[in-house]
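These notes concern the structure reproduced below.
The values are calculated or read from the model by the stated rules, or taken from the named source; none is laboratory data. Everything numeric here is computed off the predicted structure, so don't read it as measured data. With ideal geometry, Cβ positions are generated from the backbone for all residues, glycine too; neighbour counts draw on all protein chains shown. Side chains are part of the model used for accessible areas, which takes the heavy atoms of the whole protein and leaves out ligands, DNA and RNA. Shrake-Rupley method; radii C 1.70, N 1.55, O 1.52, S 1.80 Å.
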Amino acid sequence: QVQLVESGGGLVQPGGSLRLSCVASGSTSGINAMDWSRQAPGKQRELVARIARGVTNYAEFVKGRFTISRDNAKNTVYLQMDSLKPEDTAVYYCGAVRGINNYWGQGTQVTVSS
């Protein structure tokens, strides 16, 4: 089992920045990939960014604005979010893939509003 705990969400003005963190615990060895997804009210969850073996991938709608990174020593994955827009408002979830299993955290709310 892998437990994931996100932090760093909050209220920010348009154009601002936030950095989300996700700490993994439990059976963290063998985690193949970690990612961030988000779900806005009334919408389906969508993948935002993924990092696997040092290779990063981003959804088109965040390319150039968001950066995913991972600190293996701290079992932590980050999502640096810059140039935030109101449409980025959502609950952001951290995910981990270990073998054939997927794990998710409880989510952290990000609200972009003036």
Contact list please: Cβ distance under 7 Å, first residue in segment 38-59 and of a type in the set (S, T, N, Q), second residue outside any strand (DSSP E or B), pairs at least six apart or on different chains. Gln39/Arg45
Residues of segment 63-114 being surrounded by 15 or more Cβ atoms within 10 Å (Cβ to Cβ), touching a residue at least 24 places away in the same chain (Cβ under 8 Å) and not in a strand (DSSP E or B), which ones? Asn75, Leu84, Asp88, Thr89, Gly105, Gly107
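Kindly indicate whether Lys85 is at pLDDT 95 or above and farther than 14 Å from Trp104 by Cβ.
Details: at pLDDT 95 or above: yes; farther than 14 Å from Trp104 by Cβ: yes.
When the stated conditions are applied, Lys85 passes them.
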Taking Ser37 as the residue in question, decide whether it is in a strand (DSSP E or B), open to solvent by less than 60 Å² (accessible area, probe 1.4 Å), closer than 23 Å to Thr89 by Cβ and among the small types (Gly, Ala, Ser). yes
Subset of segment 51-61, residues within 17 Å of Tyr93 (Cβ to Cβ) and open to solvent by 90 Å² or more (accessible area, probe 1.4 Å), comes to Asn57
Pull up segment 5-28, narrow it to residues that are at pLDDT below 95 and part of a loop (DSSP other than H, G, I, E, B), then point me to the one that is nearest to Ser113 (Cα to Cα). Thr28
